[in-house]
Structures are given as structure tokens and as C-alpha cells.
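The structure under discussion appears below in the form of C-alpha cells.
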Amino acid sequence: MENQKTEHNPENAGASAQPDADSRLLACRLWKKRAQYFKWMLDEYADNAYVADMDTYELLYLNKASCQTVGLSLEETLGRKCYEVIQGRSSPCPFCTNHLLSEDSFYEWDYYNPHLGHAYILKDRIIDWEGHRARLELSHDDLSLEYTLEKKEREREAIIRTIPGGFARVDARDMRTVLWYGGGFLQMIGYTEEQFHNELHDQCTYVHPDDIERAAKVMQSAKETGEDTIAEGRIITRDGAIKILTMTYSYVSSEESWDGIESFYSVGIDITKDRDEQQRQREVLEDAYHAAKVANAAKTNFLSAMSHNIRTPMNAIMGMITIARANRDSPEKVFDCLDKIDTSSRHLLGLINEVLDVSKIESGKIDLLLEPVCLHVLLQGIEDMCQPLAGENRQQLRIVAEKLCHEHVIADGDRLQQILMNLLSNAIKYTPEHGTITLRISELYSAAPGKRQYEFVCSDNGIGIPAESIASVFEPFWRAEDPRISKNQGTGLGMTITENLVRMMNGTIEVESTLGAGTTFTVSVPLEVCSDAQLPSGETTGPPVREAQKAAAYAARRVLLAEDNELNREIAVELLHMQQIGVDAVEDGKQALEAFQAAGPGKYGAILMDIQMPVMNGYDATAAIRALDRPDAKTIPIIALTADAFTVDVAKARNIGMNDHIAKPIEVSRLQEVLQAWL
């Protein structure tokens, strides 16, 4: 189609402009007509309505109800300030909501007007009023029916919001279409209003596909019985999460329905967290049940193993006593029986100590006693104890310190010694004759300030451990099964205690072994390095070291013994007499205090003090002696003689003022060592 050129003609221009003018005139008439209708509607509005210029606050319009409310005619109000007429003020209201208004929707708020003496529910928005940017305000006072209905509607909505769920009206004709919803329905299913309409098409397909048919049957049952029904079901939110709901269904027939549609009114409450918690508690109970079964089995195994381990040395002790009595005329036979009784009793004592150690560790009642420790001294002591054992088996024992830059550390020396002794004694026990056992200690870097990582590696070329048994090494009463070591005695608790002590020190213990080739245990613990202020000075914290030629110099001294048990007192007195030491024995702490007070200075070289005694216990007696006003009360060695043999008991004895500790049953060598040190 070709373009056509039109020549300019004034007559034609006038003709084309006329329709535009007519259109504008028609539009203006229509606008005025709509404005007239709008004004007419406001005139007939049952409650208050007024229009005010938003810039000048001048009243542009009041309807009949508003004029009656303020008690003025329309002519008396037009042009005056809204805050003057409505609020009785001489300046704009500080609570004016003009800045909150828009042209798109009403802003709703409540206000008590003291000038008019009523409470109001107000709705405001911006409109164009005859060329003015104006505020339209509609309001209901507290005497109107609309005010009451609005308040009730707000209360209903507030009640709905308090329920942790949502409401829905489901069409009973198909049991799928949602006719209405409210409360937290959309939040519960995870959809916006548009998403629910456009994506789900107002259908209850948010219900889990495995539950939707069951939900329909529940609704059908409610319809047939006429009774409200409650059921649990699952829904799938828009983001794929599964929720568990408690849903109630109430059937309303078409005859009773306001719109003639039979339907179900349903309330859904999200109980996902409750069900998750119930499931968690079920799992906890199941775990506790299984743990109880395991613990019960472990207790049975423990008691069985304990019975065997206790009865074995007890049988030896009782048997040797019987044999000794039958051979009183044969000193050699009696001495042989006594040696075997001594060996069995030591084994029994070791078993008891280890069982109590395990019990203390598991109950959390064991504490580490941290103090400065010299690792060279510690290792030398361990070597002195283990070399004789290795020598009996014709084994070679080597203890090597590598890269040891800081030999003074803060640690529980007794417990660290116990760990290393357990490792070495096991290695000696499970290594055949002419074997080699090596303990290597090295100092490594630690990221913790002021600490170093110390690694203790105990290796042997003994019988080794089967690969399938390595995981059981630290279990109570586990022992390697090998005919070459079947006669070796042991409690089976040493490695259990060792592992727990290492963990208490924030360390690790690992084991590597090859059957028939040997075993290596690696213990790694972080230890604090002693500062210069913590290093021992010329005086040591322990008993003074005495010179292999002054060892017998203590024999001429006399000691005071406090022991309430008659048999234990008799044993202690006899053991002291065997060391050519004089003894004064008393039965409780009060008698010990009185005996020391009555004795002159220097009469007693030491006091052996039981702890658990009647009248006055050993702790109180020690404190009372130390408080006496005489010089030797502060310096006399007081040695605990007690069955309270744990580290915490040793620490408590030292804190009270005791100098040393001898555990019961009394070992002669330990008694001799302590007395030599202090007398």
C-alpha cells in the first residue's frame, strides 16, 4: 500500500480538531458525573466521612453524619482546619497519619477523640478531590453497629492467629477443592496466595500422595456419622519439606451451608516438632535399652571374670596355709608356702587396686595431681623397677630419651609412671626369653602455648596380637591367648586403666602389632613445660634423699602409732619391731594428740597415723598436732597409714600437713623406704 501525502488545508485542520475537543468535553462531563456519584455515596454513608486538603488541612467536604457528629453545618465547616473542627486543636495533630497514606489502599487505625468523647475506628486514603490532593477519612464511633462488628471481626482474627495452624473449607462434592482458607494456612503449606491459586489451582494436592485417599475416607466418615473427626496426616510444602498435621473435619450439609454448598470445615495444626521429639525420645529410649543390655552383659562378664581372678590367688593363699599347717616341722616347706602366699596376696592386692582404679575413673572421681616432674628421674625409677623383671626372663630392656629438650614438666608423675609401667610390664610378660623391649621418649612441637607434645613408644618383639583382636586390647579383662604365656598372671584391667588415664591427660594411645613379630604402643600426651619459677630449688618437695651407708641409722628411733583396728595395730607393731624400731601404740587420733603432748621434744622420730578412726580421725589429729605451740609440732614427720590409697587421698593427706603416705595392706619394703627417708 503506497503512502499518500495530504496537503495542508486550514479548513481540514479545523475539522480534525473538533472531534478531539468533543472527546475532552465528554470525558470532563463523565468525570464530573462520577465525582457527583461519589459525593452522593459519601452523603448517604451511614457513618462519618470527611475530605481535607493534605497540604493546608482545610476541610473540603463533610457528609451529613460528620456534620451531626461535630454539631456544625456544612457551610460552617468548609474552609476551616480539620484539626480545629475534628480535634478541637489550634495546630496540626502530632499523631496525624498523612505520611502513612497511599492512593492504593486504606490505612486503618484506632483513636479515642477527647474533643468528641468517643473512640473511633478510622480508615484513611489519598484521593483527588476537585483538583486537591486530599485525605478521605471514614470512621465508625463506638456507638455504631459497624464499630461493634469491626471489633468482633478483629477479635476473631486475633483468636485465629493464636492457633498454630490454619483453617480451610473443603468442597464436600469432590473432597479436593479448597473454597476458603484463613489463619496460618498459607504459611503452613508454604505457598503465597498467588502460588496456591496458580500452581495448585485451589486444590488440596499439598496433602502427601500416600495420605490423600485416607483423608478423603476420614471426611466421608465424618459426613456419614455427622460427628467431628480427628486424624493425622502429612503435607508437602512448596519447598519439599514434609510436615505432620493434626486435622479436624466438621461436615456442613448444603441445607445448613450459607451458600448452599456442602463442605468440610477443617483445622490443621502443625505437630511436626512434637512428632520429631517423640521419635527422638523413642530412639533415646531404644539406645538406653540397648546400652542397659550391653551394660548388664558387661556386668555379668565383669563379675564372672572378677570371680575367677579373685578366687585364683585366694585358692593359692588358702591352700598354702593348709599345707604350711600340715608341715610345721619342715621349715623349708613352710617358707616355700609363705613365699607363694606372699606372691598370691600381692597379685590379689594388685587386682583390687586396679578394680578400684577403673571404678574411680568411670565415676569421674579420680583427679590428676599436677606437680613438677623430672622425666629423667621418672624414667630412671621405672627402669630400676623393670630391669629385675626383664632380667628374670633373660630379656634386654632399653629406655632411651631422644630429643628431650625440656625434662621438667607439670604432670601427675604417679599416673604417668603407672601408664609406662603397665606398658612395660605387659611387654615383659608377653615377650619370650631373650627378647627385646624398648621404651623411647621424644619431645615434639605443640601448638598449645607453654606446652610440648611428649611421645612414649613401647615396642617389643614378643608374641604379638592377632589383627582381629587389636580392637579389644583396651577392653576390661581382655588377655592374649597363647600357650606360651597362659601361666602368666594378670588382671586384664591394666590396659583399660592405661587408656583412661591417657585420655584424662588429653592424650592418645595407639597400638600396632603383628602376630609372632611383636607389638608397639604409642602414647602421646601434651605436658606443660616447667618455668624457671616452677623448677625445684636446692630443697626438694619430697622426702630428703639419704646416703646405699646411713640406711640403718633410723633403727634407734621411736615412733607413735595411731591405729584403731586391733589386728592391724598388732601387725604394724610387729613389722616395726622387725625393723628394730620402738613403738608406742594408741587407738584413736585423740589419744595420739594426748600422747604427743605428754612426750618431750625429740621422743618420737615420726607418727604413723591411721585416717579413719573413732573419737578423732587422722586428719583432725594431724591438724591439731600441727597447731600446737612447740617447735617439733611443725617438723615431726606424720605419715598416713591408711587404706585410702587413691591419688586424691594422697593429695588430701599432704594438704592437711602429712609428709608421706603408706597404703594398706602394708608392704614391708614400702614401710622401710618411708621410714628410712624420714627418720
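The values are calculated or read from the model by the stated rules, or taken from the named source; none is laboratory data. Remember, it's a predicted structure, so these values are computed and weren't measured experimentally. Don't worry about glycine lacking a Cβ; one is built from the backbone with ideal geometry, like all the others, and counts go over all protein chains shown. Just the protein is used for accessible areas: all its heavy atoms, side chains included, with ligands, DNA and RNA removed. Shrake-Rupley method; radii C 1.70, N 1.55, O 1.52, S 1.80 Å.
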Long-range alpha-carbon pairs in region 61-167, meaning those over 16 Å apart, account in percent for 67
SASA check, Ile382, accessible area w/ 1.4 Å probe, all protein chains in place, rounded to nearest 10 Å², comes out at 0
Protection proxy (average C-beta count within 10 Å per residue), highest first, orders 87-99, 227-239, 501-513 as 501-513, 227-239, 87-99
Once both label points are put 7 Å beyond Cα along the C-beta direction, the Ser330-Asp202 separation in nm becomes 11.0
Sorted largest first, the C-alpha extents of region 347-447 along its principal axes in whole angstrom are 41, 40, 21
Checking rank on 180-188, 269-277, with mean other Cβ inside 10 Å and highest first, the result is 180-188, 269-277
With T = 20 °C, eta = 1.002 mPa s and Kirkwood Rh from C-alpha pairs, the Stokes-Einstein D of region 316-357 in µm²/s is about 198
Checking rank on 403-414, 613-624, with mean other Cβ inside 10 Å and highest first, the result is 613-624, 403-414
